[in-house]
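The values are calculated or read from the model by the stated rules, or taken from the named source; none is laboratory data. Predicted, not measured: the structure shown is a model, and the values here were computed from it. Methodologically, a virtual Cβ is constructed for each residue, glycine included, from the backbone with ideal geometry; neighbour enumeration extends over all protein chains shown.
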């Protein structure tokens, strides 16, 4: 079996103390302090075998994520720039869909030939976090493509409980490949759904929404806000090409903060001007640059606003809490997408034609060109890049 594998040396920095689990499993929760001297590329692995509760999937499409970009990048000391969870070696790729080609004997809800999307975070269901429904905070989570083999590969094996049927999307679109692409995009869209709906409490129809960062997650935020009935949607990004995709996704107003500054204006000023001083009821930080974004976010918040932090950053910015107190506003963090009927809800939106994330696809690469795809995404190519066996 052909796949794209990431490997490296487990070498914790003197300033980082690995937990007993990290030591025992040779994994790292903060990988930029542990994994160094990375190698990556197409390799051959033995054909996969399934357990009784698993399905074998022929991978259809798999999205390139920001975590993939940072995982293969190294700093001046040779450590990965990815600050999250890694266990190496690992087959990368976690935003994926495919067709079931074999089922274990205990599989109840799926059959050979079904098209499915897959949850990236594998939660145990038994730890204290899972028992209160906080699946993204599972004490024993595994993450496909990061700590557990993923889908930059010809085939993948996944337990049944993380599979989600997308046959209805195929029926709507009348095209198997289009359905597989849509299914692969359900994961980044699910991240936005988790942040805005599950953690953030939802978008009230008729309210205003702003998002910083118009990468794939930011574009998903815009699409979801539009589907939820937001009145005005503001998108901010320093890349003109990304702002073009933001308009395609449904943003009413798109601005480059650098250009606004040249005009002696700012993101908060244009928001307050267009909303007649009300501000935004939900602001999503998907840029991962809180040192620069929060000075504007606190100014554009409406009374009783919700600020959702999705973007990941290694920075430790100072945050003025007074505006949150004065405006009775809240700040919530969010990470990934697991359980809580998130991916099935996203699939339902897609299957009813209320959301079509395929319009943000900007590049399609075959498996052999995975490295090129990741690097192109890392070099700022806008929209969403997919890896697929269907493109030669």
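Quick one: which residue in 252, 194 is in contact (Cβ under 8 Å) with a residue 40 or more places away in the chain and buried (at least 17 other Cβ atoms within 10 Å of the Cβ)? Matching residue, one of 252, 194: 194. Screening residue 83 with (1) farther than 21 Å from residue 310 by Cα; (2) assigned to a loop (DSSP other than H, G, I, E, B) gives one miss only, at (1). Looking across the range 224-247, the residues that are within 22 Å of residue 207 (Cβ to Cβ) and touching a helix residue (DSSP H, G or I) at 6+ places or on another chain (Cβ under 7 Å) come down to 224, 227, 232, 233, 234, 235, 236, 237, 246.
When we screen 283, 355 for residues that are in contact with a helix residue (DSSP H, G or I) (Cβ under 7 Å, 6 or more places away or on another chain) and outside the structural domain of residue 58 (by TED's automatic domain parsing), the only hit is 283.
Within the range 1-26, track down each residue that is at pLDDT below 95 and within 24 Å of residue 157 (Cβ to Cβ). The answer is 1, 21, 24, 25, 26. Only a single criterion out of (1) within 30 Å of residue 162 (Cα to Cα); (2) in a loop (DSSP other than H, G, I, E, B); (3) not assigned by TED's automatic domain parsing to the domain that holds residue 62 is not satisfied by residue 306, namely (2).
Let's see how each residue does on (1) in contact with a helix residue (DSSP H, G or I) (Cβ under 9 Å, 6 or more places away or on another chain); (2) surrounded by 24 or more Cβ atoms within 10 Å (Cβ to Cβ); (3) at pLDDT below 95:
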position: 93; (1), (2), (3): yes, yes, no
position: 130; (1), (2), (3): yes, no, yes
position: 165; (1), (2), (3): yes, no, no
position: 188; (1), (2), (3): yes, yes, yes
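For the range 131-160, enumerate the residues that are part of a helix (DSSP H, G or I) and either within 21 Å of residue 66 (Cα to Cα) or in contact (Cβ under 8 Å) with a residue 12 or more places away in the chain (or both). If the condition is that a residue be part of a helix (DSSP H, G or I) and either within 21 Å of residue 66 (Cα to Cα) or in contact (Cβ under 8 Å) with a residue 12 or more places away in the chain (or both), then 135, 136, 137, 160 are the ones that fit. Being in a loop (DSSP other than H, G, I, E, B) and touching a residue at least 24 places away in the same chain (Cβ under 8 Å) holds for only one residue in 229, 277, and it is 229.
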